[in-house]
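Bear in mind that the values in this text are calculations on the coordinates, not laboratory data. Since we're looking at a predicted model, the values are computed, not measured. Note that each Cβ is placed from the backbone with ideal geometry, even for glycine, and that neighbours are counted across all protein chains shown.
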Amino acid sequence: MTTTTAAPVVAHTRAELEAAREGLASRDVAVVMTMGALHEGHARLIRAARQRHAHVVVTIFLNPLQFGPKEDLSRYPRTFEDDMAICTAAGVDVVFAPTPDVVYPDGDPGVRVSAGPLGEVLEGASRPGHFDGVLTVVGKLLHLTAARSAYFGQKDAQQLLLIRRMVRDLDFPVEVVSVPTVREEDGLAMSSRNTYLTETDREVALCLSRALRAGAEAAVFGPSAVRRAAREVLVEEPLALVDYLVLVHPDTLADVPEWYRGQALLAVAARIGTTRLIDNTPLVVGPGGGALEVFSDVPHAPGGGAR
Ligand code: AMP
């Protein structure tokens, strides 16, 4: 493996992206798609891509199509200089940072990818049209970057599932690779939106990962034990306004019945202060069950949900 220490080539237009791709020594390209405000979670995706591919393209694009009219598009953090430093350190070859008029030259695209029923539950229930917007831009960026592989975070589990479905259902010639959620030491899932949190909000936000961990620790006892353990942590935190807490099948996103044993997804969304946060853990329900991801290296506070 070669180590790139030079700053990535920055492309803002389609022509610049094309030229940058032509300049790469090999067609073995992986893409990591982001909305900027990069953090260690993004860096982990980039490093995972770098390990397996000759070249990595990172896209930085705040996609207006996936934001609702009342959502945080205008206040979303923009930190391009810092993003470039992270990309340079992680060995990115090309950064594609287009403006909306480059991605959507004719304005609002008349044709969009439809996420279908899986896009209408959980995040889709709170954010109508969100996943159509996500899949439309992911499809476009896959075409524009001509990547062989695309790396996405488990942090956005429903998005990951829908991208896998789109690639399979619409025969995109790309491999989708997922990367486990990267967390702060105390368990908080890294997110660009964490910068909105006040000090108090941040303390409150820890209830999400604590709830997931408590749920996962009850996994051997079955679905209702998982849900109960997670809910017990959340009700202790009145400042977290829970949108949903679900234990669902990882492929269908349907609630798993009480007799269910096997892989499942425990997912939560909550508003904390002015910020809506999501988190999840894949787990196995039943004998020998538990979380399929690590929450943190910090020992679990005694008493399950205790702070
Ligand atoms: P975003 O910039 O939030 O759209 O995220 C870009 C990509 O990074 C998506 O595939 C996310 O799932 C992934 N990602 C965001 N946060 C994390 C995290 N804490 N751990 C792993 N991947 C993440």
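Table for the structure above
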item: Euclidean distance between Cα centres, the stretch 18-75 to the stretch 93-157, Å; result: 12 Å
item: Crossing angle, helix 130-145 versus the chain [Cα axis fit, 0-90 degrees, rounded to tens]; result: 40 degrees
item: 235, 31, 246, 10 arranged by Cβ crowding within 10 Å, fewest neighbours leading; result: 235, 10, 246, 31
item: 10 Å beta-carbon shell around residue 36, net charge (K/R +1, D/E -1); result: -1
item: Extreme residue, positive dipole direction of the chain, given options 172, 115, 100 (C-beta unit charges); result: 172
item: Degrees separating the helix 40-52 axis from the principal Cα axis of the chain, which is the longest one; result: 60 degrees
item: Whole-Hz couplings from phi, Karplus 6.51/-1.76/1.60, listed for the stretch 68-85; x for Gly and Pro; result: x, x, 9, 8, 9, 4, 6, 9, 4, x, 10, 9, 4, 4, 5, 4, 5, 4
item: Distance in nm between pseudo-label sites at residue 263 and residue 12 (7 Å out along the Cβ direction from Cα); result: 4.3 nm
item: Label-reachable residues, the stretch 112-127, where backbone N falls under 20 Å from a point 7 Å from residue 254's Cα toward its Cβ; result: 115-125
item: Residue exposure sequence - 293, 81 - by fewest surrounding Cβ within 10 Å; result: 81, 293
item: Lys/Arg +1, Asp/Glu -1 at C-beta; the chain dipole; positive extreme among 282, 65, 145; result: 282
item: Considering only the chain, percent of DSSP beta bridges that pair antiparallel, nearest 5; result: 55 percent
item: Rh (Kirkwood; distinct C-alpha pairs) - the chain, Å; result: 20.2 Å
item: More than 23 Å apart - percent of Cα-Cα pairs taken over the stretch 192-291; result: 25 percent
item: Cβ-placed point charges (K, R +1; D, E -1), dipole of the chain about Cα centre in debye, nearest 20; result: 400 debye
item: Residue-by-residue Karplus 3J(HN,Hα) for the stretch 149-163, coefficients 6.51, -1.76, 1.60, Hz, glycine and proline x; result: 10, 10, 9, 9, x, 5, 3, 9, 4, 5, 4, 4, 4, 5, 5
item: Rounded to whole Hz, the Karplus (6.51, -1.76, 1.60) HN-Hα couplings of the stretch 267-284, x for glycine and proline; result: 10, 9, 9, 8, 9, 10, x, 9, 10, 9, 10, 10, 7, 6, 9, x, 8, 10
item: Scattering profile of the stretch 9-179 at q = 0.08 Å⁻¹ [log10 I(q)/I(0), Debye over alpha-carbon scatterers]; result: -0.22
item: Chain lengthening between residue 5 and residue 241 when straightened (0.36 nm per residue, less Cα-Cα); result: 80.6 nm
item: Cut-off under 5 Å, modelled amide H: who pairs with residue 256 long-range; result: 247, 248, 249
